[in-house]
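The values are calculated or read from the model by the stated rules, or taken from the named source; none is laboratory data. This structure is a prediction, so every number in the text was calculated from the model and none was measured. Using ideal geometry, Cβ is built from the backbone for each residue, glycine included, and neighbour counts are taken over all protein chains shown. Just the protein is used for accessible areas: all its heavy atoms, side chains included, with ligands, DNA and RNA removed. Shrake-Rupley method; radii C 1.70, N 1.55, O 1.52, S 1.80 Å.
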Amino acid sequence: MMLRVRSRDGLERVSIESPQITVSQLKTIIQSQLRIPIDNQTLSTNQNLLLAKTPADLLKFTDMASPSTPLSALNLSHGSIVFLAYEGERTVSGPVFNPAGSFGRKMTMDDLIAKQMRVTRQENPHCELVSFDRDCANAFQNYVNETLAFAVKRAGFMFGTVSEVGKVEVDFIYEPPQQGTEENLVMLRDPDEEKLVEAIAMGLGMRRVGFIFTQTISQDKKDYTLSNREVLQAAEFHAESGLKEWVTAVVKLEVNEDGGADVHFEAFQMSDVCVRLFKEGWFVTEIAEDADPKLSMMKKDVMVGVKDTREVDNDFFLVVVKIFDHQGPLSTAFPIENRNIPVTLRALKNHLDRTRSLSFVKRISDFHLLLLLARFLDLSSDVPALAECAQRQSTVPEGYQLLIESLAASS
């Protein structure tokens, strides 16, 4: 059987006899096949191992610290990924030299470009960390878990702020019109609605900072982190944003030790080379039904490790981002747009009645409520002004209060 080993050098593979071998035996195999001394190796099934900066950080990863632990006890099977940190440097054998000119095949311009387009693992993200507002993250995962049961894919755009040191804070998630199936996700984006969203974000002092999507239950059985379709979609939105700190987040179900299922968030950045390849049209965008989902196909050869290839393991394009949480300035109590049940002015009346004990600005400090109101307000002035009241928690002008209460009463 085969295990995938991800280290700072990228993704490599080792062959093992069975999942019954121990951690100690796996380290011996890695030493033999990848030429990394046993004493220099730290192994874990936790991808955050690759973020460790000091020896003390490495000691926190204990799941594979016991040499006698069998791999089967760690739920490792054919195709599973093990993360490897190691001290020192490696010597990687270079490619076979093929002379050009009269002594061999002449190099074309495409060959020269391919030699320059090297796909290597990016060690550090531009984003220091991503922190999710607890309410907005819970509203998203609760819907896909309780209502959709992770049976079909769902997505949204994340909005918030980016600090000078690259810390991304996500304070609300906008869910565009979309059609999700078990394997595919089609975003049916509405330019007019997105103009309202951007106007609200501007008033709140926020911007679009990332893309979040779910993986379905059936995908949990596949041996990839992101599929080729997901890499394409994530790269497209990252390239469109022009934001180097742009974050791609994945929400999925994972089986826990008790046999139950936990909702799990992961965050990545698409690597610089991935975004460049997408912008320059290197990706094959028409994906065949029988294509291996863990490989992205290129239109021309690229250099991966020491060989030219048109198949790139998707993991090469992912840069892990640390996840935190916080309590942001907005609530997420109002019904969310573009879900199964349309949001009407009746929802506005119910919300205002339910929150009567709060100040008026608190009652409207919800992105999803503001999006409903924006359909009845002037895009260039009223929408940003009302959002700014929510951002500053300042008194809402009487004229806006009367208008909002009148809209609620009309339902």
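Listing for the model above:
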item	result
Overall dimensions of the chain by Cα: Rg and Dmax, Å	24.7, 86
Alpha carbon centroid spacing (whole Å) that separates region 59-77 from region 196-253	31 Å
At q = 0.09, 0.11, 0.19 Å⁻¹, base-10 log of I(q)/I(0) for region 241-364 (Debye sum, equal scatterers on each alpha carbon)	-0.52, -0.70, -1.14
Stokes-Einstein D in µm²/s, Kirkwood radius over Cα pairs - region 297-411 at 20 °C with 1.002 mPa s viscosity	122 µm²/s
Across Lys300/Lys322; Lys53/Lys322; Lys153/Lys222; Lys53/Lys294; Lys53/Lys167; Lys27/Lys60, pairs whose alpha-carbon gap is larger than 22 Å	Lys300/Lys322; Lys53/Lys294
Segments 394-400, 213-219 sorted - mean Cβ within 10 Å per residue, highest first	213-219, 394-400
Scattering curve values for region 155-278, log₁₀ I(q)/I(0), Debye with Cα scatterers, q = 0.09, 0.19, 0.21 Å⁻¹	-0.28, -1.15, -1.32
Carbon/sulfur fraction of accessible area - the chain, other protein chains in place, 1.4 Å, %	51 percent
Spatial extent of region 190-232: Rg and Dmax, with the Cα atoms as the point set, Å	15.8, 43
Solvent-accessible heavy-atom area per residue, rounded to whole Å², over the chain at 1.4 Å	49 Å²
Two-decimal Rg to Rh for region 1-99 - Kirkwood Rh, Cα set	0.99
Estimated [θ] at 222 nm from DSSP helical runs (n ≥ 4, -39500 (n - 2.57)) normalised by residues in the chain, nearest 500	-8000 deg cm²/dmol
Hits among lysines - C-alpha to C-alpha of Lys307 under 17 Å, sequence gap 8 or more where chains match	Lys115, Lys299
